[in-house]
Amino acid sequence: MKTEIDLNTYTNVALDRVLKSLNEASQTPFEKAIPIPSAVNHSIKFYNHEQERIFNQEWICIGRCDEIPAPGDYLTHEIAGTPVLAVRQESGEIIGFVNACAHRFTCLVKERSGHTFAFTCPNHAWTYGIDGQLNHAPFMDSKPGFKLKKNNLEALHTESWEGFLYITLSKKPSKSITKSLENFRENIVGQYDMSSYKTVIRESMS
């Protein structure tokens, strides 16, 4: 009974105990299914583990490509506490960036979506092109060794799959999202032509 109470009510329960219980629940046959420990919803240690192992490493869907059809259109999102920005380029490609100025890490864009020709930091007016290149940094030209090209926005790995837009914070993703979901596309969703879908409404539970 004590173990059950710990796993279901105690926010600092040992991580290995939560993972062990979760693993046992996930491998139980469906007809003998047992509930996963509710600690996965409130354990501080499990939350941090999940952030590090999943949200900081894996591909996260932030929206649909059709939401930003024209060059300069953008979407913003947050992944594991990191603000991210996806921008449609003149070439038609979509590039993801950390949504923060390279100077003081101030958030550049607070709107959920929009259109722009440049991103300007509200603090010191550093201005970036939609390609993430720093084009203007007032008064910094007098600073010894300062170079615009060394202060661009941090680019993030970005891919699209069936019209969905994915970004990962990982510097070296283990596998592309297309390869990861290939079997899922071939065996289940490929018949639905989801890449042609158009976004009608967006709702958030947060």
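The values are calculated or read from the model by the stated rules, or taken from the named source; none is laboratory data. In this text the structure is predicted, and so the values were computed from the model without any measurement. Virtual Cβ from ideal backbone geometry, glycine too; neighbours counted across all protein chains shown.
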Inset, instruction - Identify all residues within the stretch 71-99 that are more than 13 Å from HIS157 (Cα to Cα) and assigned to a loop (DSSP other than H, G, I, E, B); write none if there are none. - result: PRO71, GLY72, ALA80, GLY81, GLN89, GLU90, SER91, GLY92, ASN99
Inset, instruction - Pairs only if they're at least six apart or on different chains, beta carbon under 6 angstrom, first in the stretch 107-126 and within 15 Å of ILE62 (Cβ to Cβ) and among the β-branched types (Val, Ile, Thr), second in a loop (DSSP other than H, G, I, E, B) and at pLDDT 95 or above; list them, first residue then second. - result: VAL109/ASN99
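Within the stretch 149-159, track down each residue that is part of a strand (DSSP E or B), crowded, with 16+ Cβ neighbours inside 10 Å and not acidic (Asp, Glu).
The initial filter retains those residues of the stretch 149-159 that are part of a strand (DSSP E or B), namely 155-159.
Narrowing the set further to residues that are crowded, with 16+ Cβ neighbours inside 10 Å leaves 156-159.
Selection gives LEU156, HIS157, THR158.
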Inset, instruction - Can you work out which of the residues in the stretch 44-58 that are of a type in the set (Asp, Glu) and surrounded by 14 or more Cβ atoms within 10 Å (Cβ to Cβ) is farthest from GLY81 (Cα to Cα)? - result: GLU58
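Return the residues of the stretch 172-198 that are part of a loop (DSSP other than H, G, I, E, B) and surrounded by 12 or more Cβ atoms within 10 Å (Cβ to Cβ); say none if nothing qualifies. Show your work before the answer.
First pass over the stretch 172-198, keeping only residues part of a loop (DSSP other than H, G, I, E, B): 172-176, 181, 193, 197-198.
Those that are part of a loop (DSSP other than H, G, I, E, B) and surrounded by 12 or more Cβ atoms within 10 Å (Cβ to Cβ): PRO173, SER176, LEU181, TYR197.
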Inset, instruction - Among the helices (runs of 4 or more DSSP H) lying completely within the stretch 1-70, list those that include at least 3 residues that are modelled with pLDDT of 85 or more and farther than 27 Å from ILE167 by Cβ. - result: 15-26
Legend entry - LEU134 vs. criteria modelled with pLDDT under 95, farther than 28 Å from TYR192 by Cα and surrounded by 14 or more Cβ atoms within 10 Å (Cβ to Cβ): no
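So, ALA102, is that one in a loop (DSSP other than H, G, I, E, B), farther than 20 Å from CYS61 by Cβ, assigned by TED's automatic domain parsing to the domain that holds GLU67 and touching a Pro at 6+ places or on another chain (Cβ under 8 Å) or not?
no
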